[in-house]
Structures are given as C-alpha cells and as structure tokens.
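Below: the structure, in structure tokens.
Just so you know, all these numbers are worked out from the coordinates, no wet-lab data involved. All values reported here derive from a predicted model rather than from experimental measurement. Please note: Cβ atoms are built from the backbone with ideal geometry, for glycine as well, and neighbour counts cover all protein chains shown.
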Amino acid sequence: MAGGNKDKAQKAVTACVEKLREGQLAPWKVEEELEMACGILPPENFELAAFCRRKFLEERTDENFHHICVPEKPFKGRFRCLQDNQVWELDMRDENRTCPLCSSELMSLSQYAPLVANYIGGAEDYFSYAGQVKVGGDVQKIFTNLLVYGTGLGPIGVTRGCFLINRLGGAEVRVAESAAAVRCLGFLFRAEESRKKAESIIAAFLPDAKAMMRDKLSEFRGWIDSVDFDRAETNRGYVLYVEFVARFENFRGHGDISRAVGFIKRGLEERLVSQGITYDLSVIAQGHDGDLKPSPRNKRGRHASAQIRIPQSDFETLLKVDPEKFLAFVEVDFMGSQRLGCPFYSGMGGEILPAVYKATKVNPHSPLVSCFQNIYAEKDRGDIVYRVELPNIEVGVVSSREGLMSPVGRESLRIMGIRTAKEFAASVAAQVLAGEFNLALEISKEKLYS
C-alpha cells in the first residue's frame, strides 16, 4: 500500500494489535475487524491480519520473526474448472491455473480467504497462532502455541481451549525427567535349554556391557537404564529378545542406542559361542523395540500428561455445559474407540500433535508413536477432572548430528518459549488438552455439525 492507504493500514494494524493486547479481539476475528471496523476489504485484509497477529506475538514473547515470513499474496482464491465445474482453492502465488484432473482452464471466482485459520506466516508451511496456555506442576510457564495444522478450525479450537483453561487457573502438567530410546536384539535357538543358558550368560555380562556401551552414548549424555528379556516360540525354534533401554534428557537418542546395541551385539555373540551356545539367528529385532509402532507396551519417548480441574458449578455458569452430559460423552466416545480395537483414545490430538512437530521441525520428522494419547474424565471431590496422557513423546530439540533443525523450526521453538525437551512435552500436552477440552465441550452441547 502507498500514501494514504499505507497510513490507513498502519492505523488499522495499531488498533487491532491494541485490541488483541487488551483481550477485546479474538485472534481469528482480526480479518473481520479489519474489514468491518477499518474498511480494509478482502483480500488486502488477510495480509494485514497476519501482520497484526505477528506484531502481537512479538510483543508477547519478546522474540522477532525472521524466518517465518509472510509472502506476497498470502491468501487463497477459489477457481472453477470450465470442463467439469469442480471448484478448486489455490494459493494465489500458484500461477498454474489449469485443472490437475483434466488440464482444462480454471476460471477465477474472485472469492478469497486466508490460507489457514489464524495465519501468521510461512510460504511452504502455513503457520497458525493457537493462543497461549499457562501450565503448572512439573513445568511452570506460559507457552505460545504455533501449529502447522492446515485446513480446518483446529487452531481456533486450541485457542478457545487455552482461553478456558487459563480462566480456570491453567493446566497441571506431569512430565518425565528423561526420555527412553530403545533397541532390541533377537536370538533364535533350536532348544529351550539353549535359550535359558543364553539368557543367564547375557544377564551375567550386562554390568560390563553397560559400561562398554557408555562411550557410545556419551555424545548426547545418554545412559543405559535397563535391559529387559522377553521370550517367544515359533515353529523355527525359541526366541529370546534382549531389549536395551537408554535414557536421554534433550535428545531423542535413536541413533546412539542403535550404534551402542550394534556394538555390544558382537560381544554377546562371542560370549555365547565361547560357552558352547549355538543359535540360528542373531539380529536387531526392530519389530520388538517400538520404532514407529504404537502400542501400550512401547517404552520409547517421554511420558507426559496435562489436566484441568473444573468445579461442577463452573460447567453451567462458565462453560454452559451439563457436566453429566460431558462425562457421558467421554464414556461413549471411549467405548467407541475400544470397539474399533484401538489401543488408545483420542479426538483432536492426532491432528494437534503432528501440527506441533511440523511447526517446530524437531527430530523425529515422522512422529507416529508420539501422536497417540489417552483421554480421561472423572468426578473427584465435587470437581470434574479432565486429563490427557501422552505416553511416548519422542523429541530432540537440539539441532545436531541426530537431526538438523531448520532456522524456521528453531525460530518456532523460541517464539513458543520452548527451551528443553521436557518443556516441549509440557507444551504439547497442554495444547492437546486445550483442543480436546474445547472439542468435548462443543460435542457435549449436542449441536456439533448440526
């Protein structure tokens, strides 16, 4: 914008940021405020709305945006295929205006919208602001939430949930001090007696083995916490699993435990052979160690939980929800998950968790195991306690040999207020709690999608 239009835009941004600061304007209503109160029409208001939220966040966090940039034309447009009338939505920077299905020309409908809800920047990944949440318990902090969520109202739901949680005093989080990385060996024996002797030999060697593996784990300050045995039978023989569990504070440790177990594998084999124990197979049994395999028995990652305690009276006065219907919904929904055969129970968490990993670019980039959760709701001393549990948060927040983090990811962590892997887990748990709590409230009103 130039001249008078530029002055008008600057005044509008200043006015909206002031309202955001005072809590008089919801973050997802900035576009509407710019249009209705300031006379800045679509699509120009979409770019200014992003700058309003960015300026507000910079003030709140004392951090500046450098790598999460706002590109030209930060909005989407609607187009119709002239061949089959299919309506497409495209990022307005996309100059290819042909239908990807039939290659026919796309005609602009001159209808525009923000790239995503609460958009704050990003050219390839679209970043959304999802409120701030106060946490206490094992971590005491106020986190700022950034998500790469994509299409949908998820960021607004998390923002609304955070607002309610903050009004109720904040979330109480519990986070393990360290996270587990697991690697497993599998041996196949022809006789049960050979397996028993092998387990005894390996168990006797473990004190020395742990000491020998220490150097392999030293780079990321890890240590062997436990070694567990498991047994199985097949028509091929008798299986012995030897599961090494290492602990790390700020690293994922996946590569280090793999190298350490690969190193000690030879030592174990030599001891078995030297004592006359033969085996048909000695391998890395990755099927047993939980890598990319969600299971209640999975030991990987860091356990985290977040809960909110709500007096029953607040359900009707503040939340406008019947507490009995709220509890009934959680029970009905949990049973539905069980009937599907799912070992976990989640609602929005399966979308929120990967959205955090995408925004922060942390290691691992495929957080499948980390994205499973459980939800609980119960009465306790006259209150309703609503809790989410994340059993396996795997994360390394340090850009290192085990996982390079882009400048965009590191900037996201700074703005979010996350300095350690423990804080990452606390922030994620609180965001999931906020999104799930808001969704459960909306469904309990019996009007969602109606």
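Find the relative contact order for the chain and round it to a whole percent, using C-alpha pairs within less than 8 Å whose residues are 6+ positions apart.
Computed over the chain, the figure is 16 percent.
Work out, step by step, the length gained on full extension between Ser200 and Arg214: first 0.36 nm times the residue separation, then minus their alpha carbon distance; give nm to one decimal. Before the final figure, lay out each step's value.
On the way: separation 14, 0.36 × 14 = 5.04 nm, distance 2.22 nm.
Value of the extension gain: 2.8 nm.
Once a ≥ b ≥ c are taken as the square roots of the eigenvalues of the Cα gyration tensor of the stretch 3-121, is the result rounded (a/c under 1.5), prolate (a/b larger than b/c) or oblate (a/b not larger than b/c)?
It comes out prolate by the Cα gyration axes.
If you rank Trp28, Trp88 by fewest surrounding Cβ atoms within 10 Å, what's the result?
Values: Trp28 22, Trp88 18.
Going from least to most buried by this count: Trp88, Trp28.
Out of (i) 26.2, 90; (ii) 21.7, 71; (iii) 23.9, 84, which label holds the value of Rg and Dmax of the Cα atoms in Å that was computed here?
The calculated read-out lines up with (i).
From the phi angles alone, apply the Karplus equation (6.51, -1.76, 1.60; θ = phi - 60°) to the stretch 30-45 and give each ³J(HN,Hα) in whole Hz, x where the residue is Gly or Pro.
5, 4, 5, 4, 4, 6, 7, 9, 10, x, 9, 8, x, x, 4, 5
Kindly work out what percent of the DSSP beta bridges joining two residues of the stretch 129-219 are antiparallel, to the nearest 5.
In the stretch 129-219, DSSP labels about 60 percent of beta bridges as antiparallel.
By its C-alpha gyration tensor, with a ≥ b ≥ c as the square roots of the eigenvalues, how is the stretch 281-429 shaped: rounded for a/c under 1.5, else prolate for a/b larger than b/c, else oblate?
In terms of gyration-tensor shape, oblate.
First measure r as the distance between the Cβ atoms of Glu58 and His365, then evaluate 1/(1 + (r/R0)^6) with R0 = 30 Å and state the FRET efficiency to the nearest 0.05.
Calculated transfer efficiency: 0.60.
Can you run phi through the Karplus equation (6.51, -1.76, 1.60; θ = phi - 60°) for the stretch 378-387 and list ³J(HN,Hα) in whole Hz, with x for Gly and Pro?
Coupling constants for the stretch 378-387: 7, 8, 8, 6, x, 10, 9, 10, 10, 9 Hz.
Residue by residue through the stretch 168-181, which ³J(HN,Hα) values in whole Hz follow from phi under the Karplus form 6.51 cos²θ - 1.76 cosθ + 1.60 (θ = phi - 60°), with glycine and proline marked x?
In residue order, the calculated couplings are 8, x, x, 8, 9, 10, 10, 9, 5, 5, 9, 10, 9, 10 Hz.
Could you tell me the relative contact order of the stretch 3-121? Use alpha-carbon pairs under 8 Å, at least six residues apart, and round to a whole percent. Display every interim value, and only then the final one.
On the way: 154 pairs, mean separation 28.7, N = 119.
Averaging sequence separation for qualifying contacts and normalising by length gives 24 percent for the stretch 3-121.
Which entries of Lys216/Lys422; Lys8/Lys73; Lys320/Lys379; Lys11/Lys134; Lys73/Lys134; Lys141/Lys379 have Cα-Cα distances beyond 25 Å here?
Over 25 Å Cα-Cα: Lys11/Lys134; Lys73/Lys134; Lys141/Lys379.
If you count the DSSP beta bridges with both ends in the chain, what percent of them are antiparallel, to the nearest 5?
Working: 69 of 72 bridges.
Percentage antiparallel, nearest 5: 95.
In nm, give the distance between the simple-model label positions of Gln312 and Glu72, each being 7 Å from the Cα along the Cα-to-Cβ direction.
My value for the distance between the label points is 6.2 nm.
Starting at 0 and stepping by 5 Å, how many percent of the alpha carbon pairs of the stretch 179-284 end up in each bin?
That works out to 2, 13, 25, 23, 17, 11, 6, 3, 0, in percent per bin.
What aspartates and glutamates sit close enough to Lys210 to cross-link, taking a C-alpha to C-alpha distance under 14 Å and skipping anything fewer than 8 places away on the same chain?
List returned: Asp225, Asp228, Glu243, Asp256.
R0 = 25 Å: FRET efficiency of Glu124 with Ser103, Cβ-based, nearest 0.05?
0.50
What's the FRET efficiency of Lys325 with Arg414 using the Cβ-Cβ distance as r and R₀ = 35 Å, to the nearest 0.05?
Using R0 = 35 Å, I get an efficiency of 0.25.
How would you rank 429-442, 129-142, 313-326, highest first, on the average number of other Cβ atoms within 10 Å across their residues?
Packing proxy ranking, top to bottom: 429-442, 129-142, 313-326.
Taking amide H positions as placed 1.01 Å from N in the peptide plane, with prolines and chain starts having none, which residues 5 or more places from Ile384, or on another chain, fall under 5 Å of its amide H?
Ile310, Gln312
Would you calculate, for the chain, the mean residue ellipticity at 222 nm contributed by helices, counting each DSSP H stretch of 4 or more residues as -39,500 (n - 2.57) and dividing by all residues, to the nearest 500?
One gets -13000 deg cm²/dmol as the mean residue ellipticity at 222 nm.
I need the Debye-formula profile for the stretch 86-234: one equal scatterer per C-alpha, no solvent, reported as log10 I(q)/I(0) at q = 0.21 1/Å, two decimals.
-1.29
Full-extension gain between Gln140 and Lys447, please, as 0.36 nm times their residue separation minus the C-alpha to C-alpha distance.
The span from Gln140 to Lys447 would gain 107.0 nm if fully extended.
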